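The next block holds one structure in the form of structure tokens; read it before the comments.
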Amino acid sequence: MDTVIKSTATEAAGYVANLIAEQIRQALESRPRASLVLAGGSTFKPVYRQLSEMTLPWSRLDLFFGDERNVPPDHEWSNYRMVRENWLSRYQAGEGPTVYRIAGELPAETAAKKYSEVLRNYGENKLPVYDVVLLGIGSDGHTASLFPNRLEEVIAKRVEVINVPAGQPPEVERITLTPLALSRSRLIVITATGGEKAEIVFQIQRYPEARYPINVIECSYGRKILVLDREAAGRL
Ligand code: 6PG
């Protein structure tokens with residue numbers, strides 16, 4: 001995995017936004033539509049804000065979510081709400097990307113099943129291959145809603161979406177893409193910023209054989225890149 005270290009979180013966000021834009025532009029040269037899988041949490045907020053300032057043929061982009069909390073789309077814990085507030089709210093109807101959100105308002109099992117169907121339809125009965133997948137890292141080593149201590153049960157699943165019981169803050173069930181689904185990408189961008197991520201970034205880099213989700217998710221059709229700011233890279 002390539003690692004890029006930027007001085008500040010703002011610079012890291014700018015670098016990531018440019019990477020995403022470039023990959024989307026390239027994809028659209030040879031295909032009618034491009035696809036991007038979004039991360040929740042807060043690290044990518046400045047990335048989404050920078051994307052919202054860029055000029056791209058956004059209406060040719062399909063947006064997916066790597067995970068969602070089991071709450072309605074207007075709830076403060078909703079990843080969809082976070083993305084809408086930081087990026088999508090600026091488009092008029094029909095102007096922006098097409099959004100395939102996870103229906104967090106439904107019972108988690110139902111939402112997972114429904115999202116699996118959405119992905120299957122999108123991939124014309126196969127799992128889709130995404131142009132870009134974005135992943136954050138929690139200080140406990142989770143990514144999307146894949147937690148290191150529950151990884152084995154998830155890897156065993158051949159389905160693409162599952163629901164994960166609560167047990168981590170915020171205390172709600174989560175619906176997540178599995179490593180199998182997330183690996184089907186042409187570019188995976190992992191981002192961590194801030195000193196509170198320094199220890200887990202060190203652990204993940206130092207022990208690539210350890211079963212951290214980030215290490216288990218391969219990039220089947222391209223490359224995986226880790227973008228850090230100086231604080232998150234503080235122990236490397
Ligand atoms: C979520 C995420 C999750 C997140 C990491 C990092 O819904 O919580 O998708 O995997 O990316 O926990 O979160 P922060 O960016 O807030 O540190």
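The values are calculated or read from the model by the stated rules, or taken from the named source; none is laboratory data. Everything numeric in this text was worked out from a predicted model, so none of it was measured. Please note: Cβ atoms are built from the backbone with ideal geometry, for glycine as well, and neighbour counts cover all protein chains shown. Heavy atoms of the whole protein, side chains included, go into the accessibility calculation; ligands, DNA and RNA do not. Shrake-Rupley method; radii C 1.70, N 1.55, O 1.52, S 1.80 Å.
Here are a few things to note about the model shown:
- Taking the Cα centre of segment 2-229 as reference, the dipole from Cβ charges on Lys and Arg (+1) and Asp and Glu (-1) amounts to some 520 debye.
- Segment 66-72 - phi-based ³J(HN,Hα) in whole Hz, Karplus 6.51/-1.76/1.60, Gly and Pro as x: x, 7, 8, 7, 7, 9, x
- Label-to-label distance, nm, for residues given as Leu106 and Arg235 (7 Å Cα→Cβ offset): 4.0 nm
- At R0 = 22 Å, FRET efficiency that the Cβ-Cβ distance of Asn18 and Glu85 yields, to 0.05: 0.50
- Inter-probe distance in nm under a simple model that places probes 7 Å from Cα toward Cβ, at Arg206 and Ser52: 3.9 nm
- Summing charges over neighbours of Ala9, with a neighbour being any other residue whose Cβ is under 15 Å away from its Cβ, gives +1 when K and R count +1 and D and E count -1.
- Note, ³J(HN,Hα) from phi for segment 174-184, Karplus 6.51, -1.76, 1.60, rounded to Hz, x at Gly and Pro: 10, 10, 9, 6, 8, x, 4, 6, 5, 5, 7
- Stretch gain in nm, segment Val129-Ser59, where the contour uses 0.36 nm per residue and the Cα spacing is subtracted: 23.3 nm
- With bins 10 Å wide beginning at 0, the percent of Cα pairs of segment 2-229 falling in each bin runs 8, 35, 40, 16, 1.
- Between Val4 and Tyr221, the C-beta separation translates, for a Förster distance of 25 Å, into a calculated FRET efficiency of about 0.80.
- Selection from Val83, Thr43, Pro57 lying farthest towards where the dipole of the chain points positive, charges on Cβ: Pro57
- Long-range HN-HN contacts of Leu135 with modeled amide H, under 5 Å: Val189, Ile190, Thr191
- Sparse packing (at most 11 other Cβ atoms within 10 Å of the Cβ) combined with a DSSP loop state is found for the following trypsin sites (Lys or Arg not before Pro) in segment 89-155: Lys126.
- In this structure the amide hydrogen of Lys6, modeled in the peptide plane, comes within under 5 Å of the amide hydrogens of Leu228, Asp229, Arg230, none closer than 5 places in sequence on its chain.
- Accessible area of the chain divided out per residue, in Å², using a probe of 1.4 angstrom: 45 Å²
- Distant-in-sequence amide contacts of Val99, defined by a placed amide H-H separation under 5 Å and a gap of 5 or more residues or a different chain, comprise Leu63.
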